[in-house]
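The values are calculated or read from the model by the stated rules, or taken from the named source; none is laboratory data. On a predicted model such as this, the values are computed, not experimentally measured, just so you know. Here the Cβ positions follow ideal geometry from the backbone for every residue, glycine too, while neighbour counts run over all protein chains shown.
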Amino acid sequence: MILLDTHVMIWMSQGIEGKIGKASYNLIETAWRDYTLAVSSMSFWEWSMLYHKGRVGVPNNSMIDTRKALLAQGLIELPMTGEIGILANELNMHGDPADRIILATASKHQAILVTADENILSFATTKVQDARQ
């Protein structure tokens with residue numbers, strides 16, 4: 001399973017493949033075709049927060065419709081469970097709760113996390129793929 005970090009999901013949904021390296025793009029495309037491409041439910045919360053702050057766009061200006069469309073196309077949403085919350089809290093990492101939850105989600109599901117976040121790449125306790133490569 002491949003888990004996208006929030007910014008990578010946003011890049012992919014907005015057609016900004018230029019920010020994603022060839023190896024990562026191929027990994028994502030293969031996972032999409034195989035129905036093994038996922039995001040943490042936390043990523044939808046984070047994207048919505050960024051949208052409402054005016055920092056990123058949303059297709060059709062509706063976060064609800066965007067989420068529904070992505071899920072209908074085969075994207076898997078992995079919920080934040082109590083266990084993931086506990087795992088996130090046990091990470092000895094900087095304080096961004098979204099990063100911690102996404103990393104804990106990848107760990108729990110033994111997924112490869114695709115991210116360009118330097119903090120996650122340098123800390124990772126699970127398999128990661130630098131999205132820029």
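So, restricting to helices (runs of 4 or more DSSP H) that lie completely within region 1-118, which ones have at least 1 residues that are under 21 Å from GLN133 (Cα atoms)?
Those helices (runs of 4 or more DSSP H) span 6-13, 22-33, 97-108.
Filter region 119-133 down to the residues that are of a type in the set (Gly, Ala, Ser) and in a loop (DSSP other than H, G, I, E, B) and list them by number.
ALA124, ALA131 - these are the residues of region 119-133 that are of a type in the set (Gly, Ala, Ser) and in a loop (DSSP other than H, G, I, E, B).
Confirm whether THR115 is of a type in the set (S, T, N, Q) and under 22 Å from ILE28 (Cα atoms).
Numbers: of a type in the set (S, T, N, Q): yes; under 22 Å from ILE28 (Cα atoms): yes.
Yes.
Would it be correct to say that MET12 is buried (at least 17 other Cβ atoms within 10 Å of the Cβ), modelled with pLDDT under 95 and not polar (S, T, N, Q)?
Details: buried (at least 17 other Cβ atoms within 10 Å of the Cβ): yes; modelled with pLDDT under 95: yes; not polar (S, T, N, Q): yes.
For MET12, the condition - buried (at least 17 other Cβ atoms within 10 Å of the Cβ), modelled with pLDDT under 95 and not polar (S, T, N, Q) - is met.
Looking only at region 104-128, which residues are at pLDDT 95 or above and closer than 15 Å to THR6 by Cβ?
ALA104, THR105, ALA106, ALA111, LEU113, VAL114, THR115, ALA116, VAL128
Restricting the search to region 48-79, which residues are surrounded by 13 or more Cβ atoms within 10 Å (Cβ to Cβ) and touching a Ser or Thr at 6+ places or on another chain (Cβ under 6 Å)?
Within region 48-79, VAL58, PRO59, MET63, GLU77, LEU78 qualify.
Among the numbered conditions (1) under 16 Å from HIS7 (Cβ atoms); (2) among the charged types (D, E, K, R); (3) under 16 Å from the mean Cα position of the chain (by Cα), tell me where ARG55 comes up short.
All conditions are met except number (3).
Could you tell me whether any residue of region 80-93 is under 12 Å from VAL39 (Cβ atoms), surrounded by 13 or more Cβ atoms within 10 Å (Cβ to Cβ) and hydrophobic (A, V, I, L, M, F, W, C)?
yes
Kindly list, by first and then second residue, each pair from a residue in region 28-41 that is of a type in the set (Phe, Trp, Tyr) to a residue that is surrounded by fewer than 15 Cβ atoms within 10 Å (Cβ to Cβ), limited to pairs with Cβ atoms under 6 Å and residues at least 6 apart or on different chains.
Cβ pairs passing all conditions: TYR35/GLY74.
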